[in-house]
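Right, one structure below, let's go through it.
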Amino acid sequence: MKVRSLWYAGVRKTEIREIELPAPGPRDVLVRIEACGVCTWDLFIFSGGFQGQKKFPFYFGHEGIGRVESVGSGVTRLRSGDRVALRETPDIGSVGGGHMAEYAIQDESVLVPLPNDDVPAEQWMIEPLACCVNAVNLVRIQPGMRVALVGSGFMGSILLQLLALSPVAEVAAFDMRKESLEYARSLKSRGPVTVFDLNDKSAVSASMDGTFDLVFEAAAVEPALRLANRLVRKGGTLAIFSWHHHDILFDFGDWHSRGITVLNTSPAANPHFADCFSQSVPLISTGRIDLAPLITHVAPPEEAQPLYEKGLAKTDGYIKGVIRWK
C-alpha cells in the first residue's frame, strides 16, 4: 500500500515522499491519520540537532490521532471507524511506525481508544497531555503546596491547567513570551494562578528565593533551570520536565545542603507511563483540559516547511503546530 509521508530530508528541510507500507499482521491495526502534532522533539530534529542519533533522511511523528481503517484477524477490541491515539514507536524511522503519514500500522495493544465525536483531531493531542499527567503523578502533589512553573509554552501551559485543578495553595508561572503570559493569565479564574513576566527584571525578587515547595522547569534553557533551582525551598522538590540537549554544570553540594529532591519527570522514568494515556482521555472529553487555545498553527503536509520554521523561531504567535492529514 503506497501512502504519502512527511520526511526530514536535511537541516531545516522537509519533503513529502511516497512509502510502501508493509502488510499488517494479525494483531495489527491500520490507522488513517487525521492529524499529528509537531513536538519540540520534531523541531529539534528539523534543526539538525538529532543527527547524532539518526541520520537524514527519515520520517517520524509520534503524536498521531486517527481512525481505524482495517484490523487484523486477531484484533478484538477495535473496529473500522474507531478513533484512536497512536503511541510512539521505539524504532524511529521505521516504515509504518511514524505518524507523519497518511497511514500508520500499530499493534492493537498500544492504541488508545478515543470517543468517536466530531471534535477536531488536533484537539486530541493525547501524547503531550500524557507526558504532563506523568509529571504530575511523579511529583505527588500535596494539598496546600506552593508550586512554581518556569516556562509556560505548550507543555508548560498544559502543566499549568493540571496544576490549576489540583489542591495547591498557589501556582506561580514564569515566562517571557507574550502568548504564553497571556494564556497563563487567562487561567486565573480556574485556580490560584499568579503570573510573572521575566522581561521585567524586577519580576523575581530575592524574597522569592527558596520559598516554593515544588518547582517545575519546563523551558528547556539553562537560565530557566537555574531560576527554578533558586526558587525551591530547603527540603523542596525540583522537577525537571524539559529535555535539555547539552551539559549543564550544577553545584551538587547546594542540593545536598538544602536537601533538594531532584526529579527527572521524563516518561522513561515511569514504567507505567502507558497508564497516563488512559488517564488523559477523560480530562479532554470532559473539558477539564482544553488544548484548543494552545493549537495555534494547523497546516496540511504540503505547508509543513513554513510551519516548522515558525515553530523553530517562535514567530507569528506560535505555541503548538499540527499537521492535518485528513
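The values are calculated or read from the model by the stated rules, or taken from the named source; none is laboratory data. None of the values given here were measured: they were computed from a predicted structure. For neighbour counting, all protein chains shown are included, and Cβ atoms are generated from backbone atoms with ideal geometry for every residue, glycine included.
Of the strands (runs of 3 or more DSSP E) lying entirely inside the range 1-80, those containing at least 1 residues that are among the aromatic types (Phe, Trp, Tyr) are 2-10.
Restricting the range 158-177 to residues that are touching a Phe, Trp or Tyr at 6+ places or on another chain (Cβ under 9 Å) and surrounded by fewer than 24 Cβ atoms within 10 Å (Cβ to Cβ), which is farthest from Val221 (Cα to Cα)? Step through it out loud before you land on a result.
Here is the first cut: in the range 158-177, the residues touching a Phe, Trp or Tyr at 6+ places or on another chain (Cβ under 9 Å) are 159-160, 163, 170, 172-175.
Applying the additional criterion that residues be surrounded by fewer than 24 Cβ atoms within 10 Å (Cβ to Cβ) yields 170, 172.
Working: Glu170: 24, Ala172: 18 Å.
Looking at the filtered set, the residue picked out is Glu170.
Out of Ala239, Ala269, one residue alone is modelled with pLDDT under 95 and surrounded by 12 or more Cβ atoms within 10 Å (Cβ to Cβ). It is Ala269.
Going through Ala148, Ala173 one at a time, which residue ends up being within 16 Å of Ile240 (Cα to Cα), of a type outside the set (Ser, Thr, Tyr) and free of Cβ contacts under 8 Å to residues at least 40 places away in the same chain?
Values: Ala148 fails: free of Cβ contacts under 8 Å to residues at least 40 places away in the same chain.
When all the criteria are applied, what remains is Ala173.
Taking the listed residues Arg83, Arg87, Arg17, Arg79, the one that is surrounded by fewer than 17 Cβ atoms within 10 Å (Cβ to Cβ), within 30 Å of Pro282 (Cβ to Cβ), among the basic types (Lys, Arg) and modelled with pLDDT of 95 or more is Arg79, with no other qualifying.
Being free of Cβ contacts under 8 Å to residues at least 24 places away in the same chain and either farther than 15 Å from Ser5 by Cβ or touching a Lys or Arg at 6+ places or on another chain (Cβ under 9 Å) (or both) narrows it down to one of Phe60, Phe46, Phe50, Phe56, so name that one. Talk me through it step by step, then tell me what you get.
On the way: Phe60 fails: free of Cβ contacts under 8 Å to residues at least 24 places away in the same chain; Phe46 fails: free of Cβ contacts under 8 Å to residues at least 24 places away in the same chain; Phe56 fails: free of Cβ contacts under 8 Å to residues at least 24 places away in the same chain.
Unique residue meeting the criteria: Phe50.
The residues in the range 272-323 that are touching a strand residue (DSSP E or B) at 6+ places or on another chain (Cβ under 9 Å) and of a type outside the set (Phe, Trp, Tyr) can be counted, and the count is 26. Taking into account only those residues within the range 288-312 that are over 16 Å from Ala35 (Cβ atoms) and more than 18 Å from the chain's Cα centre (by Cα), which is surrounded by the fewest Cβ atoms within 10 Å (Cβ to Cβ)? By that ranking, first place goes to Pro306.
Kindly check whether there is at least one residue in the range 209-222 that is modelled with pLDDT of 95 or more, buried (at least 19 other Cβ atoms within 10 Å of the Cβ), more than 23 Å from Pro267 (Cα to Cα) and among the charged types (D, E, K, R). Scanning the range 209-222 turns up no residue that is modelled with pLDDT of 95 or more, buried (at least 19 other Cβ atoms within 10 Å of the Cβ), more than 23 Å from Pro267 (Cα to Cα) and among the charged types (D, E, K, R).
The set of residues from the range 283-307 being part of a helix (DSSP H, G or I) and under 25 Å from Pro115 (Cβ atoms) comprises Leu283, Ile284, Ser285, Ala292, Pro293, Leu294.
Consider Ser180 carefully, then state whether it is touching a Gly at 6+ places or on another chain (Cβ under 9 Å) and either under 25 Å from Trp243 (Cβ atoms) or crowded, with 19+ Cβ neighbours inside 10 Å (or both). Yes: the conditions hold for Ser180.
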